[in-house]
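S.K.: Structure incoming, see below.
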Amino acid sequence: MVDLAVLARRLRVRGRGIRLRGAQPQIMTLIELVGLHRLPGVRLEGASPALA
């Protein structure tokens, strides 16, 4: 998760972002629990975040 957060920050600085698509439900839940989906430039595709 830390690596994804660091990558999101590096991409955001360059005006880009991350789109996470097709992750397993357990992974999506973990991403939502740690708040990675709330970072600028991070987008989840699939089910709505559980913790909006």
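The values are calculated or read from the model by the stated rules, or taken from the named source; none is laboratory data. For clarity, every value in this text was computed on a predicted model and none was experimentally measured. Cβ coordinates were reconstructed from backbone atoms using ideal geometry, including for glycine residues, and neighbour counts include every protein chain displayed.
S.K.: Restricting to the range 23-46, give me the number of residues that are free of Cβ contacts under 8 Å to residues at least 24 places away in the same chain, in a helix (DSSP H, G or I) and surrounded by fewer than 14 Cβ atoms within 10 Å (Cβ to Cβ).
M.R.: Of all residues in the range 23-46, those free of Cβ contacts under 8 Å to residues at least 24 places away in the same chain come to 23-29, 32-33, 35, 37-38.
Checking which are in a helix (DSSP H, G or I) leaves us with 25-29, 32-33, 37-38.
Cutting the leftovers down to surrounded by fewer than 14 Cβ atoms within 10 Å (Cβ to Cβ) gives us 25-27, 33, 38.
So the count comes out to 5.
S.K.: Only one of these is modelled with pLDDT of 90 or more and assigned to a loop (DSSP other than H, G, I, E, B): R16, R10. Name it. Can you show your working first?
M.R.: Numbers: R10 fails: assigned to a loop (DSSP other than H, G, I, E, B).
Within the list R16, R10, the selection yields R16.
S.K.: If the Cβ limit is 8 Å and pairs must be 6+ apart or interchain, which residue in the range 1-22 that is under 13 Å from L44 (Cα atoms) pairs with which residue that is of a type in the set (D, E) and surrounded by fewer than 11 Cβ atoms within 10 Å (Cβ to Cβ)?
M.R.: Matching pairs, first to second residue: R19/E45; L20/E45; R21/E45; G22/E45.
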